[in-house]
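Novice: Before anything else, here's the structure in question.
Bear in mind that the values in this text are calculations on the coordinates, not laboratory data. Since this is a predicted model, take the numbers as computed values, not measurements. In this analysis, Cβ positions are derived from the backbone assuming ideal geometry, glycine residues included, and neighbour counts consider all displayed protein chains.
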């Protein structure tokens, strides 16, 4: 008895909810106005693209008429793009960092002669830093 009452109540509630969800809104959606000028921008962009396409076609036609039979002239004005490498290489950065860290560490470890320890530590860790940085430069294609 309890399950049948629960089932009937669930069905009636479902029907009530489905009936309440009807969309009786008969309003016509209002067209959005272009306040940002995006439509004008799109129109300008399309006209610019059409103009560039027409210039390319006209250039192709003008060069086709200039050719003479039997000889061919070809000239290019392409220049190689030079990539300017800025700043220090990773090898130099890591060598300086390694040298500084090695000098400090060597001076702390060798308390009897801190200068000798700093020099030895700087040379060892500086070289290690250089090797590590050089391998990073090779991976990036710098060397």
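Novice: Within a 10 angstrom radius of the beta carbon, how do 112, 142 rank from fewest other beta carbons to most?
Specialist: If I rank by nearby Cβ atoms, fewest first, I get 112, 142.
Novice: To continue, here is another question. Which values of log₁₀ I(q)/I(0), to two decimal places, follow from the Debye formula for the stretch 90-140 at q = 0.17, 0.18, 0.28, 0.29 Å⁻¹ with a uniform point scatterer at every Cα?
Specialist: After summing over all Cα pairs, the log10 values are -0.45, -0.49, -0.83, -0.86.
Novice: Which of the peptides 47-54, 129-136 is most tightly packed, and how do the rest follow, going by the mean number of other Cβ atoms within 10 Å of each residue?
Specialist: 129-136, 47-54
Novice: Each label point is 7 Å from the Cα along the Cα-to-Cβ direction; what then is the distance between the points at residue 55 and residue 43, in nm?
Specialist: 2.2 nm
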